[in-house]
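Input: a single structure, listed below in structure tokens.
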Amino acid sequence: MAYDFARIEEKWQTFWEREGVFHVEAGGDRPKFYCLEMFPYPSGALHMGHLRNYSIGDLMARFLMMRGFNVLHPMGFDAFGLPAENAAIKYGVHPNDWTLSNIDHMTEQLKQMGCSYDWRRSVATCRPDYYRWTQWLFLQLYKAGLAYRRQAPVNWCDSCATVLANEQVVDGGHCWRCGTAVKKKSLTQWFLKITDYAQELLDDLDDLPGWPERVRIMQRHWIGRSEGVRLSFGLDGGDETIETFTTRIDTIYGVTFVALAAEHPLVQKLIDRSPDGRAMADFVASVTQKSEIERTAVGGEKEGLFTGFYAVSPVDGRRVPIYIANYILMDYGTGAIMGVPAHDERDFDFARKYGIPVIAVIRPADGPVPDGETMAVAFTEDGVQCNSGVFDGLPSAEALPRMALWFEERGWGKREINFRLRDWLLSRQRYWGAPIPIVYCDDCGMVPVPEEELPLQLPLDLLVSETTRNPLTTSDDWRKTTCPRCGRPALRETDTMDTFICSSWYFLRFASPFTDEAPFLKADTDYWMAVDQYIGGIEHACLHLIYARFFTKALADLGYLTVREPFSNLLTQGMVIKDGAKMSKSLGNVVDPNEIIKKYGADTARLFILFASPPEKDLDWSEQGVEGAHRFLRRVWRLVEDNLDRLLSAVSDPVAMGDLVCAERRSLKRKIHETIQSVTRDIDVERQFNTALARLMELTNALTAFRATDDVDGRLFREGVEVLLLCLSPVAPHLCEELWQMVGHETCLARESWPGVDSSALVVDGVTVVFQENGKLRERLQFPAGLSKEELEKRVLSDERVRARLEGRSVVKVIAVPDRLVNVVVRG
Ligand code: ANZ
Ligand code: ZN
């Protein structure tokens, strides 16, 4: 019989589903384990990145089930979002139909992979029974003051025709989805107050040792906490003051200019008062056109304009010129800075360009005061204060906190903590999303849709086309409603929610998918949360992974959750690349998982993916690699098939090490248990699945080479084969189930326990090896049995007694016979 993977895979998929093998419930004696892979967007078909993500997750889940855990392993779809609308425009299908049919197709594909999901728990975020709770959660955040509406300059993507959250502006000012350069627009929008949690989001990163350091660093940087001082400069000849934020109050005596963001409110006043107002207005217009990232790019061209006005320093009353500068951002700090060119690189470039004086107020600890006229670069390190009044001579690191206090005492400024993190903009000017459940009434203002009316259903009879974009805005049926409070005519919100809101709580719904009384029941989340192992792409480091942490904390504060962190352990898998580049349609190097599964089977695809590289590294796709994986599975198949009679006639009862005498048998027994030991450690602790598989390949070799002659051999061989099938089953579950059944088991392998290590089998037998010189016996040495020729030679020659004998003589030849002797031919 050949290895007919297509038949076997279908057979076991049907069996698992029919028997509900992967259905789980909360409770019981076993410890729980929540294993979760980031759920996919239903774009149409699985790609290699999905296949990798889910192969890793399924290996973990199946392994932990066998290890005795009650494993929650769910799957669903992140189903709202723009591609559905684009497809609607392109093919004339409704986004809902497109999405649901993709979900069907991808569910089919996921089942063909043989993943151990509890499909009863599946969710799709675009279904009313899911987004009903997304809306409900939004209203709870609204009632708690964590959702609010305001006018603000926001990121706008022309191509997606919608605003974006800051987190969705990536790669130097581009839309995370389509890559178009992002613009600023002023709009009234909904926000979530993620900034209320900035400090906690930062602090708790320290309690996540199970996260890759790289992701924690990225989040720390994104949250961007900085301690500094807010201080005011007076406007010379005006009543206004200019607030600035600085992290370097130790450089206050080196201020030689003040710079304002183009959007700073004072700018308009100065324009009105200035004879050169026209030029200033033009300059402001040219700056505000550019994206934030372009304006602040490291090494980017600094542009500025002198306003003709002066600011007065609070510490010494000096007058310094006020500029408008392109590298000052309105939404950080106060939108104005004190410029210290001697000690800040950007200010230095700016000052040199516009001929502004440079005054050094910190000198290197072992050097003279830098000359501002001739300095070539800013001195940005710590040093010793100079030109700084009473602080002269103090190390700058010490001066900084003292000067901050001194400032506060004099009422010139206040110490302040600033974060780079901004509130999360959640409104999207799009149709295919969860409607924001708010009504605007002329009399009552903003009124939430009553909870008992949820879900506020997205109408499915509207058409999305190039011209309608978001048809909610033009549908009177949708817009016109009555105020839930006063009953008079009112208008509905027409924006929908950012899809990242839907994915910020899906892991909670998986724990509690059957209730229609709440988004989730606390009893369920108390049992299942936190997610013990989360697996997904690094690209979500500052998107989904921050949002989900915020939701968890906010819901904990509202009393709905006990945990404050959603994901205890995170594995960020590498990309799948081909010919050295990321697989992408534009490069034309995409390999379709479907084809691989058809040609070789899901087990081969999974094995190749897990064997080809450690999970966090990029994986280079190669057809030879796939073929190699397939050959290995065929060898496992033949190992069982060729020896079937022997396997069936042997009892499934391991022989104890103590009952094995001959070296070959003892060494196979040891190999079996060493394999269990290292495979268990590689999966459980190291998450190095590729080395675990290499061990299983070695075991297969050893079993193939073993010649069984009697009953004891038969039992030993059977033990080896069963261990191989058990340990390989999380990777190649279909093949292993089939072979497990072929060797006579009536139970399903997925319900078996992981094999235990018999420590008595790990004891290494010793042998006496004789050392000879020119054929004459010189020493008797003890070594573990089974060392290879090379290893034995190495160990003998490095033995102290042997080294003493050979000292100063030349070895012409070495002959080693494993487990027996080493003979050297020596001269002199
Ligand atoms: C004077 C100074 C002297 C500064 C010096 C730095 C070095 P972080 O650490 O990122 O918080 N800054 C403040 N608000 C800004 C804005 N809206 N746009 C652009 N730059 C702004 O950076 C804080 C520092 O960035 C502040 O400290 C300010 O420059 C600048 F030797 O003030 B500093
Ligand atoms: Zn009203």
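Values in this text are rule-based calculations from the coordinates and carry no lab data. Bear in mind that the values here come from a model prediction, so they are computed numbers and not experimental data. Note that we place each Cβ from the backbone using ideal geometry, even for glycine, and neighbour counts take in every protein chain shown.
Details
- Peptide packing for 570-580, 584-594 was compared via the average number of neighbouring C-beta atoms within 10 Å per residue; ordered from the highest value, the list is 570-580, 584-594.
- Two-decimal Rg to Rh for the range 536-639 - Kirkwood Rh, Cα set: 1.15
- Here is the tail figure for the range 365-446: Cα pairs spaced more than 21 Å apart come to 62 percent of all pairs.
- The coefficient of translational diffusion for the range 681-727, derived via Stokes-Einstein from the alpha carbon Kirkwood radius under 37 °C and 0.692 mPa s, stands at 283 µm²/s.
- Remark on the range 158-270: Rg and Dmax equal 19.0, 58 Å (Cα only).
- For the range 669-828, convex hull of alpha carbons as volume per residue, Å³: 155 Å³
- Counting only alpha carbon atoms, the long axis of helix 345-354 and the longest principal axis of the chain meet at about 40°.
- For Asp382 and Phe514, a Förster radius of 60 Å and the Cβ-Cβ distance give a FRET efficiency of 0.50, rounded to the nearest 0.05.
- Folded to 0 to 90 degrees: helix 213-223 orientation relative to the chain principal axis, Cα: 10 degrees
- Counting only lysines at least 8 places from Lys578 when in the same chain, those with an alpha carbon closer than 27 Å to its own are Lys111, Lys598, Lys599, Lys617.
- With a simple spin-label model that places each label point 7 Å from the Cα along the Cα-to-Cβ direction, the separation between Glu616 and Lys269 comes to 5.2 nm.
- If you take all other residues with their beta carbon under 13 Å from the beta carbon of Thr572, and give Lys and Arg +1 and Asp and Glu -1, the sum is 0.
- Cα centroid separation, the range 466-515 to the range 672-751 (Å): 53 Å
- Cα-based Rg / Dmax (Å) for the range 393-487: 25.3, 75
- Total formal charge among the other residues, if their Cβ is under 12 angstrom from that of Asp799, Lys/Arg +1 and Asp/Glu -1: +4
- Extension gain for the segment Glu627 to Ala785, taken as residue separation times 0.36 nm less the Cα-Cα distance, is 53.3 nm to one decimal.
- Scaled to the globular estimate 2.2 N^0.38 Å, the Cα spread of the range 756-795, given as radius of gyration, is 1.52.
- Listed residue pairs exceeding 23 Å between alpha carbons, taken from Lys185/Lys290; Lys184/Lys353; Lys193/Lys290: Lys184/Lys353; Lys193/Lys290
- Candidate lysines - alpha carbon under 29 Å from Lys794, same-chain residues fewer than 8 apart omitted: Lys669, Lys671, Lys776, Lys813
- For the range 26-53 versus the range 251-284, the inter-centroid distance based on Cα atoms is 54 Å.
- Summary value for the chain: 14 percent relative contact order, contacts being C-alpha pairs under 8 angstrom separated by 6+ residues.
- Take the Cα of Gln289, step 7 Å toward its Cβ, do the same at Asp799, and the gap between the two points is 8.5 nm.
- Nearest 10 degrees, 0 to 90: helix 95-113 Cα axis against the chain principal axis: 30 degrees
- Ranking of Thr246, Thr467, Thr700 by count of other Cβ atoms within 10 Å, fewest first: Thr467, Thr700, Thr246
- Hypothetical label at Asp557: residues of the range 491-524 whose amide nitrogen lies under 19 Å (7 Å Cα-Cβ projection): 501, 504-505
- The Stokes-Einstein estimate for the range 249-390, based on a Kirkwood radius over Cα pairs and taken at 10 °C with 1.306 mPa s viscosity, is a diffusion coefficient of 101 µm²/s.
- Along principal axes, Cα extents of the range 586-635, largest first, whole Å: 37, 25, 16
- The range 727-828: GluC sites (Glu not before Pro) in DSSP loop, at most 16 other beta carbons within 10 Å: Glu746, Glu807
- Estimated translational D of the chain in µm²/s (Stokes, Kirkwood radius over Cα pairs; 20 °C; 1.002 mPa s): 67 µm²/s
- Residues Thr704 and Asp659, FRET efficiency given R0 of 35 Å [Cβ-Cβ distance, rounded to 0.05]: 0.90
- Added length on full extension, which subtracts the Cα-Cα distance from 0.36 nm per residue, Val93 to Glu345: 85.3 nm
- With coordinates expressed along the principal axes, the C-alpha atoms belonging to the range 1-157 extend over 68, 45, 25 Å, beginning with the largest.
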